[in-house]
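Visitor: Have a look at the structure that comes next, please.
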Amino acid sequence: MTTLIFPMAGQGARFGYTFKPFLGIDDRTFIETAFDPFRAHLDEIEKVLFVFLEEQERANDVTARLARMFFDVPHEVRILARPTEGPAETLVKGLAGGPDVGAIMVCDCDHALDVAPLFAAARDPSIDCALPTWDIAGEPLKSWGVVGIEAGGRVVAIAEKAAPAIGTEHRGVIGCYYFADVGIALGRLRRSAHVYMSDLVRDYIDAGDRVVSAPIVHARFFGDPERLQQATGDKG
């Protein structure tokens, strides 16, 4: 079973510093839209953790609104006292107090993707980390973390906003990460000063762990105003 985690402590700068998870797309919130594909896999999800800030709770009544949106889903909230440096620190602080064992998926709330390939990878006990990846041919790399992939889908390199020097294929990483062992992931994060989740993925690659690409064909992206406009009405 997997714990699904949505780090939501970001400041929403690209949307005028509003609380991004509660912005709207097609008459639903971002977080509802991002979560919808996971509903087909609820039997593989132990619970959902939403991580956000005290100031966001006060301004947006986050806990109560999430309770209404996800009344039918086992979930918890983790409220942080102050902003973090980035997603990696948000994950460390959000997981303080557990879970201590098991697998985790850490996903952004500004996209919705067919997560079936990611869950398929997660069922393979030989995999330590899996990344949903996207064909970025012709797209500007500044918008992506990029992986280098070898035969069999093994990820051999990762870089932010640039193509790695190695790998026979390069694809973009959609912001959703599977780690088979939360203890290993947190141990590596706590020994580092990582800001981005890609830094943690690099630790796995450097350690020789099995990191794989889970190619995604259907997705909607709405992480900035331009992408939101493109995604509106687009069901992917």
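The values are calculated or read from the model by the stated rules, or taken from the named source; none is laboratory data. Keep in mind the model is a prediction, meaning the values are calculated, not measured. Here Cβ is always computed from backbone atoms with ideal geometry, including for glycine, and neighbour counts include all displayed protein chains.
Visitor: Could you list all residues from the stretch 11-22 that are farther than 13 Å from Asn60 by Cβ and among the small types (Gly, Ala, Ser)?
Guide: Selection gives Ala13, Gly16.
Visitor: Hey, among Arg14, Arg82, which residue is surrounded by fewer than 20 Cβ atoms within 10 Å (Cβ to Cβ), under 20 Å from Leu228 (Cβ atoms) and of a type outside the set (Val, Ile, Thr)? First the steps, then the outcome.
Guide: On the way: Arg82 fails: under 20 Å from Leu228 (Cβ atoms).
Of Arg14, Arg82, the one residue that is surrounded by fewer than 20 Cβ atoms within 10 Å (Cβ to Cβ), under 20 Å from Leu228 (Cβ atoms) and of a type outside the set (Val, Ile, Thr) is Arg14.
Visitor: Select from the stretch 1-48 the residues that are hydrophobic (A, V, I, L, M, F, W, C) and in a strand (DSSP E or B) and list them in ascending order.
Guide: Residues of the stretch 1-48 hydrophobic (A, V, I, L, M, F, W, C): 1, 4-6, 8-9, 13, 15, 19, 22-23, 25, 30-31, 34-35, 38, 40, 42, 45, 48.
Within the stretch 1-48, Leu4, Ile5, Phe6, Ile25, Ile45, Val48 meet the criteria.
Visitor: Name the one entry in Ala112, Ala59 that is in a strand (DSSP E or B) and of a type outside the set (Asp, Glu).
Guide: Values: Ala59 fails: in a strand (DSSP E or B).
Just one listed residue meets the conditions, Ala112.
Visitor: Out of the residues in the stretch 49-76 meeting the condition of being exposed (fewer than 13 other Cβ atoms within 10 Å of the Cβ) and of a type in the set (Lys, Arg), tell me which one is farthest from Met105 (Cα to Cα).
Guide: The qualifying residue farthest from Met105 (Cα to Cα) is Arg58.
Visitor: Shifting gears a bit: Quick check on this structure: which one of Val212, Val182 is within 20 Å of Asp100 (Cβ to Cβ), within 16 Å of the chain's Cα centre (by Cα) and buried (at least 17 other Cβ atoms within 10 Å of the Cβ)? Don't jump to the end; show me each part of the working.
Guide: On the way: Val212 fails: within 20 Å of Asp100 (Cβ to Cβ).
Only one candidate passes the filter, namely Val182.
Visitor: Scan the stretch 123-149 residue by residue and report those that are surrounded by 19 or more Cβ atoms within 10 Å (Cβ to Cβ), small (Gly, Ala, Ser) and either touching a helix residue (DSSP H, G or I) at 6+ places or on another chain (Cβ under 9 Å) or within 20 Å of Arg220 (Cβ to Cβ) (or both).
Guide: Of everything in the stretch 123-149, those that are surrounded by 19 or more Cβ atoms within 10 Å (Cβ to Cβ), small (Gly, Ala, Ser) and either touching a helix residue (DSSP H, G or I) at 6+ places or on another chain (Cβ under 9 Å) or within 20 Å of Arg220 (Cβ to Cβ) (or both) turn out to be Ala130, Gly145.
Visitor: Just to be sure I understand the filter: pairs with C-beta atoms under 8 Å, separated by 6 or more residues or on different chains, first member in the stretch 161-175 and under 13 Å from Leu141 (Cβ atoms), second member among the acidic types (Asp, Glu). Which pairs pass?
Guide: Here the result reads Arg171/Asp135; Gly172/Asp135; Gly172/Glu139, each pair linking the stretch 161-175 to a residue that is among the acidic types (Asp, Glu).
Visitor: Are there strands (runs of 3 or more DSSP E) fully within the stretch 135-225 with at least 3 residues that are more than 17 Å from Ile5 (Cβ to Cβ) and of a type in the set (A, V, I, L, M)? List them. Spell out how you get there, then give the answer.
Guide: Values: elements: 145-149, 155-160, 169-173, 176-179, 211-215, 219-221.
Passing ranges, in order: 145-149, 155-160, 211-215.
Visitor: Tally up the residues in the stretch 17-42 that are crowded, with 19+ Cβ neighbours inside 10 Å and farther than 19 Å from Gly175 by Cβ, please.
Guide: Result for the stretch 17-42: 0.
Visitor: Of the residues Ala207, Ala163, Ala231, only one is at pLDDT 95 or above and either farther than 25 Å from Pro83 by Cα or aromatic (Phe, Trp, Tyr) (or both); which? First the steps, then the outcome.
Guide: Values: Ala163 fails: at pLDDT 95 or above; Ala231 fails: at pLDDT 95 or above.
Just a single option satisfies the conditions, and that option is Ala207.
Visitor: Within the stretch 67-85, can one find any residue that is within 15 Å of the chain's Cα centre (by Cα) and either part of a loop (DSSP other than H, G, I, E, B) or not hydrophobic (A, V, I, L, M, F, W, C) (or both)? Full working, then the answer.
Guide: First, the residues of the stretch 67-85 that are within 15 Å of the chain's Cα centre (by Cα): none.
No: the stretch 67-85 contains no residue that is within 15 Å of the chain's Cα centre (by Cα) and either part of a loop (DSSP other than H, G, I, E, B) or not hydrophobic (A, V, I, L, M, F, W, C) (or both).
Visitor: Between residues in the stretch 71-87 that are touching a residue at least 24 places away in the same chain (Cβ under 8 Å) and residues that are β-branched (Val, Ile, Thr), which pairs lie under 6 Å by C-beta distance while being six or more apart or on different chains?
Guide: Val73/Val48; His75/Val48; Val77/Thr63; Arg78/Val51; Thr84/Thr90; Glu85/Val195; Gly86/Val195
Visitor: Six or more apart or on different chains, Cβ atoms under 8 Å: show the pairs whose first residue is in the stretch 207-227 and closer than 23 Å to Arg154 by Cβ and whose second is surrounded by fewer than 16 Cβ atoms within 10 Å (Cβ to Cβ) and hydroxyl-bearing (Ser, Thr, Tyr).
Guide: Arg210/Ser126
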